[in-house]
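Notes follow once the structure below has been shown.
The values are calculated or read from the model by the stated rules, or taken from the named source; none is laboratory data. Since the structure is predicted, the reported quantities are computational estimates derived from the model, not experimental observations. Here the Cβ positions follow ideal geometry from the backbone for every residue, glycine too, while neighbour counts run over all protein chains shown. Heads up: the accessible areas ignore ligands, DNA and RNA and are worked out on the full protein's heavy atoms, side chains in. Shrake-Rupley method; radii C 1.70, N 1.55, O 1.52, S 1.80 Å.
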Amino acid sequence: MKRIIWLSGILAVCLFAPNSIQAGSGFYLSSELGANFAPSLDTKGSSNDRASVCDEFINPLFATVTQTPGYEDYNCTGPNRGATGDWINDFDSAEGILAGAAVGYSLREQYPGSLLGRVRLEVEYFYRDSAYDQTADIPGAVGETGAELVQEVLSATERIDSVTSHNLFGNLYMDFFNTSRFTPYVGFGVGVGFTDLDYGGLFTRNPDVSQITTGVGLPNAAEIRQNLAGTVSRAQADLGDTLFGYQVLFGVDYALTESVSLGLKGRWVNYESFSDGGIVWDPLRSHVPNLRRDGSEPMASRTKTDDIEMFGVSLALKYHF
């Protein structure tokens, strides 16, 4: 009962306060809590892997591969390994939490009634967590990876658990003055997002040796197929990148008192491309993540995406000094 009376009192203040009440000018603090909506995620993977026949653990005679007709173009020992081994994947849209805080300054008091009086400057921090929680089959690849998918791989999947970022932005707002308690606004901001992406990958080879065509025509083809059968390549990594971004903001504030306002805030944030090459496949074809037994050619891969943007909606509370 007390809670109902308390809420009724707040509602009465909102409904019957004088229409001329607006949030004050000068410095203010704000906090917000809401949701973010991220678009579908298209990823591009690449690695410095070589073809499976160039893996010493799988083919001890890898150095002689290019001497066999049909394998002259294989890059088992030359530079630029993995230059053509790219693959693509895509994940559905996601949503998650959005929370933030800001300190700002309104020029209303310094420039009453003028265009400058509508301006607010703000430094803002916000956090987003977009929960993709999806595993997707790799639909296609080229080069070394493409050959593996056709000749030996039974299934190839990638997983994105979440995309999170800690963001620091500077914003410029334009308030629309009016005589009511409602103040619509638009804004623009630039800043950086310290972004993390939880990644996982899994390649499993066919356990049926007769279904593997890798190494056909090589002198030790049977050995290669036997060594490949049933092997697994697995990766799990917390990827990170620092991204420049910009945002468009819009919303409306409702003045509860001369110093406190409550508002609905929307934003669209766009970032530059995310890229991180810190993915280690361990195991790689069921052995240590290296192509050579002496450890001279460690293998790693990179994931890149242009789809880190997001749309956010939140409730914002401001306190004006």
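Below are the figures for this structure:
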read-out	value
Cβ-defined net charge surrounding Asp129, 13 Å radius [Lys, Arg +1; Asp, Glu -1]	-4
Rounded accessible area of His166 (nearest 10 Å², 1.4 Å probe)	80 Å²
By accessible area with a 1.4 Å probe, ligands and nucleic acids excluded, highest first: order of Asp307, Asp208	Asp208, Asp307
On Cα atoms only, tilt of 2-16 relative to the major axis of the chain in degrees	70 degrees
Probe 1.4 Å, all protein chains present, accessible-area order of Lys304, Lys318, largest first	Lys304, Lys318
Charge context of Leu168, other residues only, Cβ under 14 angstrom, K/R +1, D/E -1	-1
With DNA, RNA and ligands ignored, accessible area of Thr64 (1.4 Å probe; Å², nearest 10)	60 Å²
Per residue accessible area of the chain, 1.4 Å probe, in Å²	47 Å²
Solvent-accessible surface ranking, highest first, for Thr135, Thr183 at 1.4 angstrom	Thr135, Thr183
Summed residue charge, Cβ within 9 Å of Gly189's Cβ, Lys/Arg positive, Asp/Glu negative	-1
Stretchable slack from Val192 to Leu264, in nm (0.36 nm times residue separation minus alpha-carbon distance)	23.6 nm
Cα centroid separation - the stretch 221-263 against the stretch 297-321, whole Å	6 Å
Fraction of accessible area attributable to carbon and sulfur, the stretch 39-98 (%, probe 1.4 Å)	49 percent
Positive-pole candidate from Leu202, Tyr173, Ala147, dipole of the stretch 137-213, charges at beta carbon	Tyr173
Accessible surface of the stretch 194-280, 1.4 Å probe, proportion on carbon and sulfur as whole %	57 percent
Heavy atoms of Ile279 accessible to a 1.4 Å probe, total area in Å² rounded to 10	0 Å²
